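*Asks:* Please see the structure below; I have some questions.
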Amino acid sequence: MRSSYRSSASATAAESSTGLTEGAWMAQQAATLASLTASGAYPAFARLLDALGDDGYDLRLDGLFETGLAAMLDGVARLVEGS
């Protein structure tokens, strides 16, 4: 939960200091991103972007939280069980 809060707070601070929303900032970076992927210098990154397609990805905070919580609880269980 702390990470989700920090991420939200960071986005709010960035928007406040730049005057740009995350989407507007990404739109400004489109040409730079296109030249990086077209350069051939970062083939794995280019393949990743191709795999994502035009729609990008959906950042599902609930899923990230559940995954992080499960990993933490698994670690606590190991400590409690002594294994």
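The values are calculated or read from the model by the stated rules, or taken from the named source; none is laboratory data. A quick note: this is a predicted structure, and the numbers were derived from the prediction, not measured. Quick reminder, even Gly has a Cβ in these numbers, built from the backbone with ideal geometry, and neighbours come from all protein chains shown. Please note that ligands, DNA and RNA were not included when accessible areas were found on the heavy atoms of the full protein model with its side chains. Shrake-Rupley method; radii C 1.70, N 1.55, O 1.52, S 1.80 Å.
*Asks:* Pairs needed: first member in the stretch 17-44, without any contact (Cβ under 8 Å) to a residue 24 or more places away in the chain and on the phi > 0 side of the Ramachandran plot; second member anywhere, part of a helix (DSSP H, G or I) and open to solvent by less than 80 Å² (accessible area, probe 1.4 Å); C-beta distance under 8 Å; at least 6 residues apart or different chains.
*Replies:* Matching pairs, first to second residue: GLY40/ALA46.
*Asks:* Could you list all residues from the stretch 46-64 that are open to solvent by less than 80 Å² (accessible area, probe 1.4 Å) and part of a helix (DSSP H, G or I)?
*Replies:* Hits for the stretch 46-64 are ALA46, LEU49, LEU52, GLY63.
*Asks:* For the structure I just gave you, tell me whether THR37 is part of a helix (DSSP H, G or I), of a type outside the set (A, V, I, L, M) and touching a Phe, Trp or Tyr at 6+ places or on another chain (Cβ under 8 Å).
*Replies:* Judged against the criteria, THR37 is a match.
*Asks:* Right, here's the next one. Name the single residue that is farthest from ALA11 (Cα to Cα) among those in the stretch 34-64 being at pLDDT below 90 and of a type in the set (A, V, I, L, M).
*Replies:* ALA51
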